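The values are calculated or read from the model by the stated rules, or taken from the named source; none is laboratory data. A quick note: this is a predicted structure, and the numbers were derived from the prediction, not measured. Here the Cβ positions follow ideal geometry from the backbone for every residue, glycine too, while neighbour counts run over all protein chains shown. Keep in mind that these areas ignore ligands, DNA and RNA; they rest on the heavy atoms of the full protein, side chains included. Shrake-Rupley method; radii C 1.70, N 1.55, O 1.52, S 1.80 Å.
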Amino acid sequence: MIIRILFLLFAVISLNLSSKEISVSIAHKKIFLQVADTHELRAKGLMGVRVLNQDEGMIFLWPDADQRCMWMKNTSIPLSVAYLSTDGRVLEIYDMVPFSEDSICSMKNVRMAVEVNQGWFARNKISIGDKINF
């Protein structure tokens, strides 16, 4: 009986920690993003992911706008991060170094961040001021 309860508890916790995936467009470029909208999902981010397919990434959502920082701890693939305003406009874009524990912080208050394969924003001609469409 205790094993069943523990199994069910683990299953519920696992469901709460799994992320959703959404399809959005940024400057008319479609991309599929895993959603990190809880503290646990934002803390894990893309840690441990070995391959990120083209036009895939992760969107980090916070309940309010503030200065935010990202790092690459336990993340082996080179990524770029775009910090976005409350209305979904790209405010800043940075390239990040695999396994680096240096924080890459936004200079402005942001409510969202999108991580993708390094160079994805440049290859798709996405720049400051472009907007994400949900």
Coarse-grained scattering of region 29-87 at q = 0.19, 0.21, 0.22, 0.26 Å⁻¹, given as base-10 log I(q)/I(0) from a Debye sum over alpha-carbon atoms: -0.75, -0.93, -1.02, -1.37
Relative contact order of the chain, defined on C-alpha pairs under 8 angstrom at six or more residues apart (%): 25 percent
Accessible area (Å², 1.4 Å probe, nearest 10) - Met72: 0 Å²
Reachable aspartates and glutamates from Lys125, criterion Cα separation under 18 angstrom, eight or more residues apart if same chain: Asp55, Glu56, Glu92, Asp95, Glu115
Region 73-134: radius of gyration and largest Cα-Cα distance (Dmax), Å: 11.6, 31
C-alpha long axis of helix 2-17 to longest principal axis of the chain, angle in °: 10 degrees
Chymotrypsin sites (Phe, Trp or Tyr not before Pro) restricted to region 16-115 and DSSP loop, no more than 13 other C-beta within 10 Å: Phe99
With every protein chain in place, the chain: carbon and sulfur % of accessible area (1.4 Å): 57 percent
Residue with peak Gaussian network fluctuation, the chain [Cα springs, cutoff 10 Å], from Ser106, Ser85, Ser23: Ser23
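Considering only protein heavy atoms, what per residue accessible area in square angstrom results for the chain with a 1.4 angstrom probe? All intermediate terms of the calculation are to be shown ahead of the outcome.
Details: 8070 Å² over 134 residues.
Each residue of the chain exposes 60 Å² on average to a 1.4 Å probe.
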For the chain, Kirkwood radius (reciprocal of mean inverse C-alpha pair distance, Å): 15.5 Å
